[in-house]
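The values are calculated or read from the model by the stated rules, or taken from the named source; none is laboratory data. Note that this is a predicted model, so its numbers are computed, not measured. Heads up, the Cβs are rebuilt from the backbone with ideal geometry, glycines too, and the neighbour counts pull from every protein chain shown. Heads up: the accessible areas ignore ligands, DNA and RNA and are worked out on the full protein's heavy atoms, side chains in. Shrake-Rupley method; radii C 1.70, N 1.55, O 1.52, S 1.80 Å.
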Amino acid sequence: MNVLICAACGSRLTEPVRQLDEMPEYPGWDGLPGPDGRRHGPPSVPRGTYVVDPLPFGAPFVPADPAQEYDGVVPGGKWMSDERGALVSAGPRGTYVLHPDDVLGIAPHSDYRRLIGCCGPTGEDGVNHVCGCGAEVAIVAADCCSRYETRLVPDAVRVEAAP
């Protein structure tokens, strides 16, 4: 079991969690409110676990390589588009994906534009949560159209054995 720690101040950011070898298959979502009444997709990982995602996630998004073929797995998990055409994530690689209920001591970012979403942040606008010390540490996805997860940014945290 491990805990993830803020690299800036040493505060513990997670409950003790066990690392999974790979990302579990996403179960899909029917759009209905969950047992807690909130509208968000199902969690990406079970409580008490985390996984390191080698793919980029979130902002910034860059034009997709038109010569590149994708087999349904798009870096960053989804396509986006704007005036530049189809976009893929060029966000951080190696994010630590956790169940949101396993994460402690983070707060929404002061830049409200990073928290945009219908029922919660989508996680598409970059790091959107900070540690108590102010360090930008997490990307929370909790919208009705996104997975339900917290991703700790690898440059902002370190992994230690749980006490």
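Peptides 55-64, 106-115, ordered by how many other C-beta atoms sit within 10 Å of their residues on average, highest first, read 55-64, 106-115. Taking +1 at the Cβ of each Lys and Arg and -1 at the Cβ of each Asp and Glu, which of GLN68, PRO108, LEU87 sits farthest along the dipole of segment 51-163 towards its positive end, judged by Cα position relative to the Cα centre? Comparing the listed Cα positions along the dipole, PRO108 ranks first. Note on the chain: along the principal axes its Cα atoms extend 48, 35, 34 Å, ordered by decreasing extent.
Solvent exposure of the chain amounts to 52 Å² per residue of accessible area, where only protein heavy atoms count and the probe is 1.4 Å. Segment 92-140: percent of C-alpha pairs farther apart than 18 Å? The answer is 26 percent, as a whole percent. Near ALA138, the amide H atoms lying under 5 Å from its own belong to ASN128, HIS129, VAL153; only residues 5 or more places off or on other chains count, and H is placed 1.01 Å from N.
Mean sequence separation of contacting Cα pairs (under 8 Å, at least six apart), scaled by the length of the chain, corresponds to a relative contact order of 28 percent.
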